[in-house]
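The values are calculated or read from the model by the stated rules, or taken from the named source; none is laboratory data. Source: prediction; values computed, not measured. Glycine gets a Cβ as well: all are built from the backbone with ideal geometry, and neighbour counts include every protein chain shown.
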Amino acid sequence: MADDNKPLNFIQQIITRDLAEGVVEKVVTRFPPEPNGYLHIGHAKSICLNFGLAAQFGGACNLRFDDTNPEKEEDEYVHAIIEDVRWLGFQWDGEIRYASNYFDQLYAWAQQLIREGKAFVCELNAELMREYRGTLTEPGKNSPWRDRPVEENLALLEQMKNGDIDEGRMTLRAKINMASPNINMRDPVLYRIKKRAHHRTGDKWNIYPAYDFAHGQEDAIEGVTHSICTLEFAANRPLYEWFIDNLPVPSKPHQYEFGRLNLNYNITSKRKLKQLVDENHVDGWNDPRMPTISGLRRRGVSPAAIRNFCDSLAVAKTDGVVDMAQFEHFIRDDLNDNAARAMCVLNPLKVTFTNVPEGEVEMLSAAGHPNRDDLGERQLPFTREIYIDREDFNEDSSLSRKKFKRLVPGEWVRLRGAYVIQANDMVKDDSGEIVEILAEIIPGTLGEDAPEGIRPRGVIHWVSATECVDCEVRLYDRLFSDPAPEAGDRNFLDFINPESLQILQGCKAEIGLADAAVGNYYQFEREGYFSLDSRYSSPEKPVFNRTIGLRDTWKD
């Protein structure tokens, strides 16, 4: 993560000082996702930061699931998050941890707060609790149940735990200060009744701890030294510290906040991402248009591109919006260096060479990558019939070379890695559509300059018509057409880009792509970067997803 020439961000400065002054001996960070959805690109920044800091300072990073809300949490999300963190290239310290590991200890600490007169069972419903809480300019007022006797509070808490009290009837609240200027300190809820089975603890519990009560204590139990959160938790820090100061926790972690990653043309609200999935606007959480890590993986974005992008971002105490083009730059940069080259014709038009014998196959060699000898060479069968892209031919031979640098009747183009060819005639169907080009190769032009007097207009890609792979190609683009789809009170669904997915059938790929594998990256020459789809591909019919085009088409 660290770049010796890059100034230290404020968290790195804090850790450097803490180590130098002996405040901590070993840095321990944590990544604490709630398993109520799939991770997205915003989480990737937090993952890279927490694991990166641990690696930079020779410490450890824990993976801990904040599984305190059984209503929204599922094992599916747990497994997806584990896979995402591993795929990004990170390994957590020790076993995976869960908030539910500590439910017994948290309950015991809640009882201790009651015994010390610092917590009470409250019977205000949600509406009245909001009313009693006050506003940003007006203090709140004490609950009528704030001064219950200790033994009564303990007995009621036990009944809540055992399922003897209905949901919504009671909560356990800390007794702090209803006049605090920080609303988070106005007797916050510690436990709420939820009679839901938990994905790990089953039916053992009928009450579950609030995030604010669980989080800091979990950090303390695990020996976390630097608890790094996004900026919206800054107002929660006094409460985090209050619990640490008022409970016999085994260590004293400190919370620090940094600006979260906001990426334009995207949404990163789990609730809204789930809405996209539930209402079938997308093809699941791992739809290649989604900003989820699994969606980016399925689309063909590499973990290195995501890490490099996240490491390029400022770690600051303010929020900001990053241009999607910046992320796309890192995707292109990585794929340009690492994607194997291949040819695929998306809109095939047959070309028949009248001076090539029927059944003749000439094997040509092409580099797997122009700058990567380790990617070897690939074999391209050259046959009497080939496919070129329909857009690479125009029957108007009067088009200037400047306007159209491809094939027209009576003129020449170079086939990538093969011969110069000349179009002589064309065949049309009854509707007047061109269905075949009759052409000839110019002998002696394989790997050689064209003879004097023959000037190719340009270079086009091709595949053999008889030695190729039939495939489907999915052209993905940005899911939203507006840079701020959820700004103000607008409905983000109104800005779904209708061109975000085009499915092309009958595409023709070079024969070597019959061995394409999920997780490999390809540049289809002149078309963009592609990868094999992990969901719909089969040996009989490969499906390739466009990760990104060769150039940015969204520039103003």
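Figures for the structure shown
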{"read-out": "From Ala20, Ala80, residue being out of contact with any Pro (no Cβ under 7 Å at 6 or more places or on another chain), surrounded by 17 or more Cβ atoms within 10 Å (Cβ to Cβ) and not basic (Lys, Arg)", "value": "Ala80"}
{"read-out": "All positions within the stretch 248-304 that are of a type in the set (Val, Ile, Thr) and either in the same structural domain as Ser46 (by TED's automatic domain parsing) or touching a strand residue (DSSP E or B) at 6+ places or on another chain (Cβ under 8 Å) (or both)", "value": "Val249, Ile267, Thr268, Thr292, Ile293, Val301"}
{"read-out": "Yes/no for Arg332 being under 33 Å from the mean Cα position of the chain (by Cα), assigned by TED's automatic domain parsing to the domain that holds Lys428 and touching a residue at least 60 places away in the same chain (Cβ under 8 Å)", "value": "no"}
{"read-out": "Residue match in the stretch 222-240 (condition: within 22 Å of Ile176 (Cβ to Cβ) and free of Cβ contacts under 8 Å to residues at least 12 places away in the same chain)", "value": "no"}
{"read-out": "The stretch 58-77: number of residues that are surrounded by fewer than 22 Cβ atoms within 10 Å (Cβ to Cβ) and either in a loop (DSSP other than H, G, I, E, B) or in the same structural domain as Lys274 (by TED's automatic domain parsing) (or both)", "value": "8"}
{"read-out": "Residue satisfying condition, being surrounded by 22 or more Cβ atoms within 10 Å (Cβ to Cβ), within 22 Å of Ala509 (Cβ to Cβ) and among the aliphatic types (A, V, I, L, M), within set Leu296, Leu349, Leu335", "value": "Leu335"}
{"read-out": "Cross-chain or 6+ apart pairs with Cβ under 9 Å, the stretch 133-152 first and not assigned by TED's automatic domain parsing to the domain that holds Asn184, then outside any loop (DSSP other than H, G, I, E, B) and of a type in the set (Lys, Arg)", "value": "none"}
{"read-out": "Subset of the stretch 304-332 [of a type in the set (D, E, K, R) and either in a helix (DSSP H, G or I) or crowded, with 18+ Cβ neighbours inside 10 Å (or both)]", "value": "Arg307, Asp311, Glu328, Arg332"}
{"read-out": "Among residues of the stretch 232-288, those that are of a type outside the set (Phe, Trp, Tyr) and under 22 Å from Leu106 (Cα atoms), counted", "value": "17"}
{"read-out": "Matching entry among Ser143, Ser100 (being of a type in the set (Ser, Thr, Tyr), surrounded by 13 or more Cβ atoms within 10 Å (Cβ to Cβ) and in contact with a helix residue (DSSP H, G or I) (Cβ under 8 Å, 6 or more places away or on another chain))", "value": "Ser143"}
